[in-house]
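Inspection log for the structure reproduced underneath, given as structure tokens.
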């Protein structure tokens, strides 16, 4: 891939080893670049070496394991002040041996939920986001309650375990939306949740939000990722072309809709589970199912390849927001 700087990027093969809800990490030596920080194991790809071969060699040298199976997981380009790196990240699905710090480095298994408590190089942020990504992507609906009144059901959802929230309020004027976003960001952060703005990406830093959710129009207007790796970028997609654009700009995930009929978009073309599954299989992005989703669709969504479901009415209209959120977050 072409470099964006004066020197070519340093190509690195990275391996993700998982065990249920845990992932294996190692710590960089104090004298190295980004020294003392935790990372996912791997190393430089030698000239003429393909990424999978490099991954197998590096994990044998670093962890003492023989990689048997691995699947592409993610590719990341990141520019530090002193160098540019290109990470070719693989999910290791089969290996022989027990991983340990074979070169004397600190190494451990850690819960994906606890990853944010440790310091990682900034280039690893997209990996951390994908491993942390919750099963429920909850979309706001203040119009249903009123802006001030909506804070109460939102806090109930956060207390029950909602951790990824999209602020989608197209009826609010720009200034009102931004002021509201700042309030919701503070509330979300008290519960360890992330708030993404369905708005102009430029509003994100000023609102102390965690990222942007691009509607399909904004998605197709962008030729590259609109925010740095320290922020989340989600995208609304309805077909293969939009999913391809989301991948091309480096989005962290996509929302694919409508899977089923929905009262909010009565004239929309329905995907159905068969098309949804085919589109999921054709993209490297984690995908949330949206549109007519109900709690009973959890298992079907999972079988179709979804990371989880994006929800509006099913949560906000439920008799018990707490029970609904707890059930959806458990996927």
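The values are calculated or read from the model by the stated rules, or taken from the named source; none is laboratory data. Everything numeric here is computed off the predicted structure, so don't read it as measured data. All Cβ positions, even for glycine, are placed from backbone atoms using ideal geometry, and neighbour counts span all protein chains on display.
The table below gives the values:
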read-out: Answer residue from region 8-23, given it is within 20 Å of residue 121 (Cα to Cα) and out of contact with any strand residue (DSSP E or B) (no Cβ under 6 Å at 6 or more places or on another chain) and is modelled with the lowest pLDDT among those; value: 8
read-out: Residue list for region 45-91, restricted to those being surrounded by 20 or more Cβ atoms within 10 Å (Cβ to Cβ) and part of a loop (DSSP other than H, G, I, E, B); value: 45, 65
read-out: Output for region 43-76, where each listed residue is without any contact (Cβ under 8 Å) to a residue 24 or more places away in the chain and touching a helix residue (DSSP H, G or I) at 6+ places or on another chain (Cβ under 7 Å); value: 46
read-out: Test result for residue 115, crowded, with 16+ Cβ neighbours inside 10 Å and outside the structural domain of residue 182 (by TED's automatic domain parsing); value: yes
read-out: Which numbered condition residue 115 misses (of (1) within 24 Å of residue 207 (Cα to Cα); (2) part of a helix (DSSP H, G or I)); value: (1)
read-out: Given (1) surrounded by fewer than 16 Cβ atoms within 10 Å (Cβ to Cβ); (2) in contact with a helix residue (DSSP H, G or I) (Cβ under 8 Å, 6 or more places away or on another chain); (3) under 23 Å from residue 115 (Cα atoms), number of the condition residue 186 does not satisfy; value: (2)
read-out: Odd one out for residue 79 among (1) touching a strand residue (DSSP E or B) at 6+ places or on another chain (Cβ under 7 Å); (2) touching a residue at least 24 places away in the same chain (Cβ under 8 Å); value: (1)
read-out: Failed criterion for residue 150 (all others in (1) in contact (Cβ under 8 Å) with a residue 12 or more places away in the chain; (2) closer than 17 Å to residue 311 by Cα hold); value: (1)
read-out: In region 24-50, residue farthest from the chain's Cα centre (by Cα) [restricted to those that are modelled with pLDDT under 85 and farther than 17 Å from residue 118 by Cβ]; value: 31
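Every residue, every condition in (1) farther than 25 Å from residue 76 by Cβ; (2) modelled with pLDDT under 95; (3) surrounded by 22 or more Cβ atoms within 10 Å (Cβ to Cβ), yes or no:
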| site | (1), (2), (3) |
| --- | --- |
| 128 | no, yes, no |
| 134 | no, yes, no |
| 137 | no, no, yes |
| 142 | yes, no, no |
| 150 | yes, no, no |
| 156 | yes, no, no |
| 162 | yes, no, yes |
| 167 | yes, no, yes |
